[in-house]
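To keep things clear, I will list the structure first and then write my remarks on it.
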Amino acid sequence: MKKITLLFLIVFTQTIFSATKITETEKLAATCKVWGFLKYYHPNVAKGDFNWDNQLLEILPKVEKAQTKEEFSLLLENWIDNLGTVKEIAPIIAPKDAEYFDKNFDLSWFNNKAFSKKLSKKLKFIEQNRFQGEHFYISGVENVGNVYLKNESNAHPDFTDKNSKLRMIFMYWNLVEYFFPDKYLMDQKWDTTLEKIIPLAIQAENQDDFYLAMRKLVSRIDDSHTEFYTYPSSATHKPKRYFPADGKIIDEKLVVTEILGDSLAQADDIKIGDVITKINDKTIKDIISENRDLICASNEPKYLEKLVDKILLSNSDIVNVEFLKNGQYITKTMTWSDYHDSHRNEFKKGAKKKKEKFKLLENNIGYVDMGIIKIKNIPDMIEALKDTKAIVFDMRNYPNETFEPIANFINPQEKKFAIYTRPDLSYPGRFKWSGGTSIGFDNKDYYKGKVIVLLDEKSQSQAEWTAMCFQTCGHTTIVGSQTAGADGNVSEFDFAGFHTLFSGIGVFYPDKRETQRIGITPDIEVKQTIKGIQEGRDEVLDRALVFIESGK
């Protein structure tokens, strides 16, 4: 009996002990959440009474020493108490016309198993009596909705100091947590991302390692608008080397679609339709796999499009490229050029100048290149194409804000085509439905032919929004493939070591159908093929022309 009692006491003691222990990652993730919450909610912090970065740097060493849940909770309780009194002002009444969008909003972490009941109650009280003035650290663009930072330190962290690195991770994580409109659509929960990135940030020993960890953090928000640009130090900066053409990934191969440097391409016999299977002995399939946590995209087509730029860029002069030609694998040792982006852009600008802004195709069908036509060209376009039986608006590009005059031309009446969610700075983390955008007017002379819109993964943001606008006319057909899935404006953030951005508002159809990550769904799905590119055919346009003639 004594042995049984002793065994019970040992098991009971071990159970209690294990229940109160807390891991370093658990402590740091919880600290990140509390620090960010207080930054935007506590009246004395949100109005700027404290140097909030210094507060974090001071408490993190104490967090490290806390060994149990009780010690950790008491530490945070005392921290909050030292911030001063929070006056009870509840209830805070929401405006009568406010309609909240709450898929993003979740403060259930107040009940974290690492928190005492007393700490959880303190956090809830602060939420209920949250700051209601002009924020010290964040602001919104009036009538737009996206946010920008204020009074935020943009300095490099000290890469030798664990806590300095964590400050940057915590700052960005909370920025997304409270102000990214599409957080609820991430593949991986944002909490999980935080837990996974903390050890990587701690292990980073230098600038490159740390910003690699940051890149992995940023990539997990799954937003095609999002980029992460680092500013290299002059000591490590090397000129980039480029493949002399652009391409598209199809069937885990990279197909040349456009020559960007004629003489350079001729030197290595590079032609449109050439199929690349390896770069420096790595298959395109392997490159696709190993970059998934480094590139941020809303969906797979946009990820592959972004990846092309990375593949066709090198830090080395000499690059081994394997081609598949006529059923044979041929490896070329190429010298890639250091010609700058400006040269590539000059080529693209030159190519655009050669293209027609609009034209009349066979069988009385109009065609408009939305990437180059401008507002000043619209009256001439309308006059030339108003009597056609169909107009194809090619939007596999980025339009020049020409949506309004064209939509007014094709619409018989005014109609709303988009509604939005915008952050509520009086209740950080919550978003509100706000208004919407309408187009058109009572127009008896509207265009009565078929309206065709061509889209693909290059169709992003304004292109997607413009396509939504054109869909209101009731006789629009979308032909092509999945778009980038990143509509609306962007919020941008600039730091000493990097620049990044994300979608600033949520964009929906008037019936509240989502566009983020999904993009604009084609009525007729058609994708380019390797064979089509090699034969010089535009398969998307060809399919649109078939539909115009047959209705199928």
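Observations on the structure shown:
- In the range 400-453, the residues that are within 23 Å of the chain's Cα centre (by Cα), part of a strand (DSSP E or B) and surrounded by 20 or more Cβ atoms within 10 Å (Cβ to Cβ): F417, A418, Y420, T421, R422, P423, F431, K432
- Annotation: of all residues in the range 226-242 being surrounded by 12 or more Cβ atoms within 10 Å (Cβ to Cβ) and outside any strand (DSSP E or B), the one that is modelled with the lowest pLDDT is P232.
- Some residue of the range 365-380 being buried (at least 17 other Cβ atoms within 10 Å of the Cβ), touching a Phe, Trp or Tyr at 6+ places or on another chain (Cβ under 6 Å), closer than 16 Å to M468 by Cβ and in contact (Cβ under 8 Å) with a residue 40 or more places away in the chain: yes
- Residue satisfying all of: in the range 485-515; farther than 20 Å from G145 by Cβ and touching a helix residue (DSSP H, G or I) at 6+ places or on another chain (Cβ under 9 Å); modelled with the lowest pLDDT among these: G497
- Between V11, V63, V86, the distinction of being in a helix (DSSP H, G or I) and modelled with pLDDT of 95 or more belongs to V63 only.
- Selected residue (criterion: nearest to F136 (Cα to Cα)) from residues of the range 36-93 that are loosely packed, with under 15 Cβ neighbours inside 10 Å and of a type in the set (S, T, Y): T85
- F470 being over 16 Å from D222 (Cα atoms) and in the same structural domain as V392 (by TED's automatic domain parsing): yes
- The listed residue being modelled with pLDDT under 95 and farther than 30 Å from K512 by Cβ, out of F347, F358: F347
- With a requirement of 2 or more residues that are at positive phi and not assigned by TED's automatic domain parsing to the domain that holds Q462, none of the strands (runs of 3 or more DSSP E) lying completely within the range 476-527 satisfies it.
- Whether a residue is part of a loop (DSSP other than H, G, I, E, B), surrounded by 13 or more Cβ atoms within 10 Å (Cβ to Cβ) and either free of Cβ contacts under 8 Å to residues at least 60 places away in the same chain or hydrophobic (A, V, I, L, M, F, W, C) (or both) was assessed, and L254 does not pass this test.
- Members of the range 237-279 that are among the hydroxyl-bearing types (S, T, Y) and closer than 22 Å to E457 by Cα: T257, T277
- Candidate set from the range 185-206 (those that are buried (at least 17 other Cβ atoms within 10 Å of the Cβ) and not in a helix (DSSP H, G or I)); member that is farthest from the chain's Cα centre (by Cα): A204
- In the set D209, D182, only one residue is acidic (D, E) and surrounded by fewer than 19 Cβ atoms within 10 Å (Cβ to Cβ); that residue is D209.
- Among the residues making up the range 112-146, those that are crowded, with 18+ Cβ neighbours inside 10 Å, among the hydrophobic types (A, V, I, L, M, F, W, C) and outside any loop (DSSP other than H, G, I, E, B) are L119, L123, I126, I138.
- Beta carbons closer than 7 Å, at least 6 apart along the sequence or on distinct chains, pair a first residue in the range 144-163 that is assigned by TED's automatic domain parsing to the domain that holds I202 and within 23 Å of Q207 (Cα to Cα) with a second that is among the hydroxyl-bearing types (S, T, Y) and assigned to a helix (DSSP H, G or I) for P157/S164; D158/S164.
- Taken over the range 86-133, the criterion of being closer than 16 Å to Y178 by Cβ and among the hydroxyl-bearing types (S, T, Y) is satisfied by Y100, S108.
The values are calculated or read from the model by the stated rules, or taken from the named source; none is laboratory data. Everything numeric in this text was worked out from a predicted model, so none of it was measured. All Cβ positions, even for glycine, are placed from backbone atoms using ideal geometry, and neighbour counts span all protein chains on display.
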